[in-house]
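**Q** The structure is given below, and queries will be raised subsequently.
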Amino acid sequence: MTLHRLLLRQLRRHAVDETRQRELAGFLHAVSQAYEQADTDRNLLDRSLQLTSRELVERYEQLQAQLRRLESSEEELRHSLSLLHATLDASGEGMAVFALDGKLVQQNKRLQAVFQLTAPLAADATPSRLIHTLARRVAQPAALLGFMRRVAASPEGRLQAQFGLADGRQLSVFTQPQLMEDRVAGRVWCFRDITEQHRQEQRIRHQAEHDSLTGLPNRARFEQGLALALERASAQHTQLAVMFIDLDHFKRINDSHGHQVGDQVLAKVAAMLHAILRDDDLLARMGGDEFILLLDRIDGPAQTEAIARRITDTLSAPLELDERRLQVQASVGIALYPQDGAHPAELISRADMAMYEAKLRGRSAIRYFAPGIERQRRRETELHEQLAGALERGEFRLVFQPQVLLADGALIGAEALLRWTDPMGRPVSPTVFVPAAERSGLIRPLGDWVLGQALDWLCRTPRPDRMRVAVNLSARQLDDPQLAERILDQVQRRGLGAERLELEVTESMLMENREACIDSLRQLRAAGVRIAVDDFGTGYSSLNYLRFLPIDVLKIDRSFVKDMADAEDARAIVRSIIDLARNLGLEVVAEGIEDALTASLLLEMGCPLGQGYHFGRPADALPAALAATDTAGRRSKPLGA
């Protein structure tokens, strides 16, 4: 602007006349406008520069803040990735993640150990290469191929399988898609070495299906094998035989030498029988001194006879055991398929009947089942006749085995056990007369008598409000729709609380009489009566019934308890039953406790209650036990001390 004014003054000075000034007037006006416009533009430019500078400063500050946030996010990301890697490496599973294009995205250190690789997977590893590595190790590649087909057919599926490896290991494989915003971005593979878990399951399954003393299959396992053999025989039109083997006078060995020697004899007999049989034959222990044998694909009766004779001859030879020379013989009963039956229970029952006929023929004998075994009929008839009058003659009696708190030995009740002495003064086993009473229909009045006697015993105890009595029910009783009404009537007539009574049923009874018994048991339990499952762990392998049947107590079978001190597998099963009962809210009682060590082990495992010879043998009454119980319901010293 200053230059503009100076220029005007100079021009006016030199244009002295008016004519010259008029000529320059337009030029001067144009120059003036140009300078004014230049001043205006410069002012605008100055203001623009000022605004731009301020915006740049603000933008710079924003970028600095964003950079700091990015640096912080990067640190968090590095921390998250470090945590992810540490978590993956700490996992017990080998893991690999592949993108959709097959590129390896992630793997952990455990993967190398599971596959026994010398180095991690290469960066260019693909799922097919990983599965190819696995295929070289599995025992049955066809099973792996089938699994991969399922994966290919279900790109969004979660799939799992288990494979045995050629080196004896067991591998669990699980795969699922990797999802990003509900879109499949890849697939995750997990591999777990479950060898030890598989072995433990096999041990538990073996214990559940085998006799702990002899290692032979038990009755349940035998019935499964027989059912499969019958299906095969029916399809192939072949024959098979079932042999029931019972040791003669085995009770004498137990009475003379003790149960420990008796157990050794049973184990030795099992080994001797197994040694003389064919590879395809199935030998099982039914319980006590009874064995059962399945002869599959026999040529005819002659071959069966030869094997049976070999068994009796082998067992007739003196048995050497710990410098003892024992005489063990066996009676054998035989039932043949198809002429003697087509179902497992049928053949087993008829072989059993034939075995008893063999015992009646002088023992150490072989007898085939025949529909018209008159001697067997007479025996059954005679037994039924004796049973019919036994109640009126007063031949039955109850004995009571104490049940105690393992923590301090406090007596909390007893189990009532039925005993029968026949007119000849001979004790008859409950395993003999109870089934006979069931078949004859006498079990209902006999059961009512047992219940009444047990409740009367409870009333005679000094403190019936603190004690309880356990009574066994039979399968036939559970069929009675009036059972609950009759039981509750007996309890109420004596003025006892229903919770003082505990009714014991077996797993087999629960399963075989499920529909018939469930209503009665529910009525009884609703009234306060306690329901116990006796001999738990020896019956049906399915535990599903525990979910819907009205039960309060699980009684661990003595076959598991008696081996706890020496057998880890027995302890594992007992511990599992205790944990199962606790998780289901059920009380648990251990049967067959014969020493302080077993009682201590059970208490450490969380079992609160027990019974067995260590606390008291079954007796007509428990005066000593009751006398030792103080007014607070606790013993001054443990039972058996």
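The values are calculated or read from the model by the stated rules, or taken from the named source; none is laboratory data. Small disclaimer: the values here were computed from a predicted structure and weren't measured. FYI the Cβ positions are ideal-geometry reconstructions off the backbone, even for glycines, and counts take in every protein chain you see. Ligands, DNA and RNA are stripped out before the accessible areas are found, and what is left, the full protein with its side chains, is counted by its heavy atoms. Shrake-Rupley method; radii C 1.70, N 1.55, O 1.52, S 1.80 Å.
**Q** Being under 31 Å from the mean Cα position of the chain (by Cα) and open to solvent by 60 Å² or more (accessible area, probe 1.4 Å) is the requirement here; does ARG252 meet it? Break it down stepwise before answering.
**A** Values: under 31 Å from the mean Cα position of the chain (by Cα): no; open to solvent by 60 Å² or more (accessible area, probe 1.4 Å): yes.
Here the answer is no, as ARG252 does not meet what is asked.
**Q** Would you say LEU554 is open to solvent by 30 Å² or more (accessible area, probe 1.4 Å), of a type in the set (A, V, I, L, M, F, W, C) and either on the phi < 0 side of the Ramachandran plot or in contact with a His (Cβ under 8 Å, 6 or more places away or on another chain) (or both)? Walk me through it before giving the result.
**A** Details: open to solvent by 30 Å² or more (accessible area, probe 1.4 Å): no; of a type in the set (A, V, I, L, M, F, W, C): yes; either on the phi < 0 side of the Ramachandran plot or in contact with a His (Cβ under 8 Å, 6 or more places away or on another chain) (or both): yes.
Considered against the rule, which asks whether it is open to solvent by 30 Å² or more (accessible area, probe 1.4 Å), of a type in the set (A, V, I, L, M, F, W, C) and either on the phi < 0 side of the Ramachandran plot or in contact with a His (Cβ under 8 Å, 6 or more places away or on another chain) (or both), LEU554 comes out as no.
**Q** Anything in region 239-249 that is within 37 Å of the chain's Cα centre (by Cα) and within 15 Å of TYR356 (Cβ to Cβ)? List them, or say none. It would help to see each step written out before you state the result.
**A** Restricting attention to region 239-249, the residues satisfying the condition of being within 37 Å of the chain's Cα centre (by Cα) are 239-247.
Answer for region 239-249, where residues must be within 37 Å of the chain's Cα centre (by Cα) and within 15 Å of TYR356 (Cβ to Cβ): VAL242, MET243, PHE244, ILE245, ASP246, LEU247.
**Q** Listed residues ARG575, ARG547; which is in contact with a helix residue (DSSP H, G or I) (Cβ under 6 Å, 6 or more places away or on another chain) and assigned to a helix (DSSP H, G or I)?
**A** Values: ARG547 fails: in contact with a helix residue (DSSP H, G or I) (Cβ under 6 Å, 6 or more places away or on another chain).
After applying the criteria, what remains is ARG575.
**Q** Evaluate region 131-139: report whether one residue or more is closer than 30 Å to GLN202 by Cα, open to solvent by less than 30 Å² (accessible area, probe 1.4 Å) and part of a loop (DSSP other than H, G, I, E, B). It would help to see each step written out before you state the result.
**A** Of the residues in region 131-139, the ones closer than 30 Å to GLN202 by Cα are 131-139.
Pick out the ones that are also open to solvent by less than 30 Å² (accessible area, probe 1.4 Å) and you get 131, 133-134, 138.
Narrowing further to those that are part of a loop (DSSP other than H, G, I, E, B): none.
Checked against the condition, which is being closer than 30 Å to GLN202 by Cα, open to solvent by less than 30 Å² (accessible area, probe 1.4 Å) and part of a loop (DSSP other than H, G, I, E, B), region 131-139 yields no hits at all.
**Q** Within region 524-538, track down each residue that is on the phi < 0 side of the Ramachandran plot and either open to solvent by 10 Å² or more (accessible area, probe 1.4 Å) or in a strand (DSSP E or B) (or both).
**A** Taking region 524-538 and keeping what is on the phi < 0 side of the Ramachandran plot, we get 524-527, 529-534, 536, 538.
Answer for region 524-538, where residues must be on the phi < 0 side of the Ramachandran plot and either open to solvent by 10 Å² or more (accessible area, probe 1.4 Å) or in a strand (DSSP E or B) (or both): ARG525, ALA526, ALA527, ARG530, ILE531, ALA532, VAL533, ASP534, PHE536, THR538.
**Q** Got a sec? Which of ALA270, ALA302 is of a type in the set (Gly, Ala, Ser) and modelled with pLDDT of 90 or more? Even if it seems obvious, please write down each step before you answer.
**A** Details: ALA302 fails: modelled with pLDDT of 90 or more.
Just a single option satisfies the conditions, and that option is ALA270.
**Q** Something else now. Would a scan of region 198-210 turn up a residue that is open to solvent by less than 10 Å² (accessible area, probe 1.4 Å) and either closer than 27 Å to GLU594 by Cα or among the hydrophobic types (A, V, I, L, M, F, W, C) (or both)?
**A** No, every residue in region 198-210 fails to be open to solvent by less than 10 Å² (accessible area, probe 1.4 Å) and either closer than 27 Å to GLU594 by Cα or among the hydrophobic types (A, V, I, L, M, F, W, C) (or both).
**Q** Select, from LEU295, LEU283, LEU266, the only residue that is of a type in the set (A, V, I, L, M) and either touching a Cys at 6+ places or on another chain (Cβ under 6 Å) or outside any strand (DSSP E or B) (or both). Show your work before the answer.
**A** Numbers: LEU295 fails: either touching a Cys at 6+ places or on another chain (Cβ under 6 Å) or outside any strand (DSSP E or B) (or both); LEU283 fails: either touching a Cys at 6+ places or on another chain (Cβ under 6 Å) or outside any strand (DSSP E or B) (or both).
Exactly one of LEU295, LEU283, LEU266 is of a type in the set (A, V, I, L, M) and either touching a Cys at 6+ places or on another chain (Cβ under 6 Å) or outside any strand (DSSP E or B) (or both), namely LEU266.
**Q** If VAL432 satisfies every condition in (1) crowded, with 19+ Cβ neighbours inside 10 Å; (2) among the aliphatic types (A, V, I, L, M); (3) out of contact with any Gly (no Cβ under 9 Å at 6 or more places or on another chain) but one, which is the exception?
**A** For VAL432, the failing item is (1).
**Q** If you take the residues of region 170-225 that are farther than 25 Å from ALA139 by Cβ and of a type in the set (Ser, Thr, Tyr), which of them is modelled with the lowest pLDDT?
**A** The selected residue is SER212.
**Q** Which residues, counting only those in region 367-416, are among the hydroxyl-bearing types (Ser, Thr, Tyr) and either at pLDDT 85 or above or open to solvent by less than 20 Å² (accessible area, probe 1.4 Å) (or both)? Please lay out each step first, then the result.
**A** The initial filter retains those residues of region 367-416 that are among the hydroxyl-bearing types (Ser, Thr, Tyr), namely 368, 381.
Within region 367-416, just TYR368 meets the criteria.
**Q** Being surrounded by fewer than 19 Cβ atoms within 10 Å (Cβ to Cβ) and in a helix (DSSP H, G or I), is that true of even one residue in region 341-348?
**A** The answer is yes, given that some residue of region 341-348 is surrounded by fewer than 19 Cβ atoms within 10 Å (Cβ to Cβ) and in a helix (DSSP H, G or I).
**Q** Go through CYS607, CYS517 for me and flag whichever is surrounded by 21 or more Cβ atoms within 10 Å (Cβ to Cβ) and in a helix (DSSP H, G or I).
**A** Values: CYS607 fails: in a helix (DSSP H, G or I).
None of the others qualify; the one that does is CYS517.
**Q** Failed condition for ALA570, given (1) in a helix (DSSP H, G or I); (2) surrounded by fewer than 21 Cβ atoms within 10 Å (Cβ to Cβ); (3) modelled with pLDDT of 90 or more, with all others met?
**A** (3)
**Q** Of everything in region 265-283, what is among the hydrophobic types (A, V, I, L, M, F, W, C) and in contact with a Lys or Arg (Cβ under 8 Å, 6 or more places away or on another chain)? Give them in sequence order.
**A** First, the residues of region 265-283 that are among the hydrophobic types (A, V, I, L, M, F, W, C): 265-267, 269-273, 275-277, 282-283.
LEU266, ALA270, ILE276 - these are the residues of region 265-283 that are among the hydrophobic types (A, V, I, L, M, F, W, C) and in contact with a Lys or Arg (Cβ under 8 Å, 6 or more places away or on another chain).
**Q** Sticking with this structure for a sec: Which is in contact with a Leu (Cβ under 9 Å, 6 or more places away or on another chain), open to solvent by less than 60 Å² (accessible area, probe 1.4 Å), of a type in the set (A, V, I, L, M, F, W, C) and modelled with pLDDT under 90, of LEU510, LEU503? Full working, then the answer.
**A** Details: LEU503 fails: modelled with pLDDT under 90.
After ruling out the rest, the residue left standing is LEU510.
**Q** For region 513-563: of the residues being under 16 Å from the mean Cα position of the chain (by Cα) and modelled with pLDDT of 85 or more, which is nearest to GLN224 (Cα to Cα)?
**A** Selected residue: PHE560.
**Q** Still on this model: Mind checking which residues of region 164-187 are open to solvent by 30 Å² or more (accessible area, probe 1.4 Å) and hydrophobic (A, V, I, L, M, F, W, C)?
**A** ALA166, PHE174, LEU179, MET180, VAL184
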